[in-house]
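Values in this text are rule-based calculations from the coordinates and carry no lab data. Since the structure is predicted, the reported quantities are computational estimates derived from the model, not experimental observations. Please note: Cβ atoms are built from the backbone with ideal geometry, for glycine as well, and neighbour counts cover all protein chains shown.
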Amino acid sequence: MTDGESFIKICGITTEEDALLSVALGATAVGFVFAPSKRQVAPRSVADIIKRLPPEVLRVGVFKDEAPERVSQICSHIGINAVQLHGHETPAEAKWLAGRVPLVIKAFSAIDPRLADAGDFEVFALHVDAVEPGSGKTFDWSLLASVPRGERMILAGGLNPANVARAIETTGCFGVDVSTGVEKAPGHKDPIKLREFIDNASRAFERRKASPQTSGGRMPTRGRGPYDWQEDK
């Protein structure tokens, strides 16, 4: 994947049906929550879902304050090829995982004071969410000014089919991540909302690709070069 391509992640996947539908509609990543949550899933269940997914789809495990060794073990056993860390993980722990998992994403709330120094984690991307992750609430996007320039930023927090295009155009984010905004109930996706969200996000990324000057100043990303997760299958 290169920085010019769209990164659209559907998170909180709990069923094979929702995973396959998300991919069929154009999602480039699906997320499975292993941290305590209404959408928490067991590794064994995720392993069965992953077997049905195309190899080019990014399979993201969401963890919070889990021992790095345990995170690595789960990923290697069930086929997770990216981790999203939502706790108080340190830069050292993130770097340790980066040597064992193809791709690492570090998540922060928009008001986390650590966000200004998030470049210390040296991860693939920074995930910026609302103050209450998973609440489905948006936040003041001006808070993103504290994200270090040049970092890939995945935007979350209250995104839905109606606002995702504006979010991409306003923030210049590298990618978007949604869960609540495309659900009919916690852990169960709404097919119509899924299609509208992915279509609207894809079109917004295509417009930005055609007119890079509208990217909100967040591109190009830090000079580590594009990352192609397919090379690490």
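Counting Lys and Arg as +1 and Asp and Glu as -1 over every other residue whose Cβ lies under 15 Å from the Cβ of Gly157, the net charge comes to -3.
Sorting the Cα pairs of the chain by distance into bins of 10 Å, from 0 upward, gives 8, 36, 41, 15, 0 percent per bin. Computing FRET efficiency as 1/(1 + (r/R0)^6) for Ile111 and Thr90, where r is the C-beta to C-beta distance and R0 is 22 Å, gives about 0.65.
Amide H contacts of Glu151 (H built 1.01 Å from N, in plane; Pro and chain starts excluded): Arg222 sit under 5 Å, all sequence-distant by 5 or more or on other chains. Among Asp177, Asp18, the order by Cβ neighbours within 10 angstrom, fewest to most, reads Asp18, Asp177. Within the chain, DSSP assigns beta bridges of which about 5% are antiparallel (rounded to the nearest 5).
In this simple spin-label model, placing a label point 7 Å from the Cα along the Cα-to-Cβ direction at both Ala98 and Thr15 gives a separation of 3.8 nm. Summarising the label geometry, the points placed 7 Å from Cα in the beta-carbon direction at Ser45 and Lys137 lie 2.7 nm from one another.
Obtain the nm distance between the two label points defined at Glu56 and Glu122 by a simple spin-label model: each point lies 7 Å from its Cα along the Cα-to-C-beta direction. Computed distance between label sites Glu56 and Glu122 equals 3.1 nm. As a proxy for reagent exposure, ranking Lys193, Lys184 by other Cβ atoms within 10 Å from fewest up yields Lys184, Lys193.
In terms of surrounding Cβ atoms within a 10 Å radius of their Cβ, His188, His88 rank from fewest to most as His88, His188. Amide H to amide H distances under 5 Å link Ile105 with Val83, Gln84, Leu85, where only residues 5 or more positions off or on other chains count and H is placed in the peptide plane. The smallest convex shape that holds all Cα atoms of the stretch 141-208, its convex hull, gives 82 Å³ per residue.
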